[in-house]
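Have a look at the structure below, then the notes.
The numbers here are math on the coordinates, done by the rules we state, and not lab data. The structure presented is a predicted model; accordingly, all values stated were derived computationally and were not measured. Cβ placement follows ideal geometry from the backbone for every residue including glycine, while neighbour counts extend to all protein chains displayed.
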Amino acid sequence: MGALGVPETFVSLLFCFSLLTSDLTLCDGSSDTRDFVEAEAFECHFVNGTQEVRYLHRIFYNHVEDLYYDSKEGKYIAKTENGKIDADAWNRNKDIMEQRKAAVERFCIHNYGVFETAGAIGRKVEPSIKISLMNPDEHSHTKQHMLVCNVYGFYPSEIEVKWYRNGGEETEQVQFTEPYHNGDWSYQIHVMLETEMEKGDTFTCEVHHSSLKTPHRVDWHPQSSDAAKNKMATGIVGFVLGIVFFFVGLVIYMRGRKVQTSFHGPQNERFLSQ
């Protein structure tokens, strides 16, 4: 992950429009039951309060961003061929351009106080960190294992996560997801490390976030992994059950011997001498 830069406050309003094509006939006579979704996102980025404000209007179709308006550029910028048609048309429309330029003042700066009251401005929540080991493929012949550093419940979204093995930073075999919303004004991210393991190794997940005065570090050791704990617990349970069954069997056996020893059946007179 990249290093943390200048603190930036980010606010996004998202509007989604869905078109269901179920039971409809398309122009070519065919039918398609998939959902087509168009979404618009209106974003305000604040740096040092309202000293530097950036407004973005982003257009998505089926989870793909087609184009966006950037107040720093002062125009729409296409990201796909479909988006280029709209971008060219809207950039030539003076009314649309005036509306987008005015949005910096009318939408972002005007609502800055509302965002601040709602807790979106200046809000910081420390992340929680948990390290887990993904179950290895039993049929795989490789010695590689996948460690996952789960970082969740933090705000704002800017974060940096690093992996260390025995004090040395790991960079080549590291993969990470983008921070994504939990739906409660918090984010989570998963950072994976593919590596070999030996007993005695120490793996460390280090998290840098604006809510932390110093980086938060969590260590993980192979012998204390969830798999090792599960195997140990299974072994203990099996040992205890073995002892219980042994003593139950011993008690049953001793009772059987006692009954046989104390039993003297009646003599059959036919075997007595006349």
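Odds and ends about this structure:
- Sorted largest first, extent of region 153-193 alpha carbons per principal axis (Å): 36, 15, 12
- Peptides 65-73, 80-88 ranked from most to least packed give 65-73, 80-88, packing being the mean of other C-beta atoms within 10 angstrom over each peptide's residues.
- Comparing region 173-217 with the 2.2 N^0.38 Å rule of thumb, its C-alpha radius of gyration ratio is 1.47 (two decimals).
- Summing charges over all other residues whose Cβ lies under 10 Å from the Cβ of Gly74, with Lys and Arg as +1 and Asp and Glu as -1, gives +2.
- Binned Cα-Cα distance frequencies in region 47-108 - 10 Å width, integer %: 22, 49, 24, 4
- Mean Cβ neighbour count within 10 Å, used as a protection proxy, ranking 99-107, 237-245, 208-216 highest first: 99-107, 208-216, 237-245
- Restraint check, Lys130/Lys162; Lys75/Lys101; Lys79/Lys162, Cα-Cα greater than 20 Å: Lys79/Lys162
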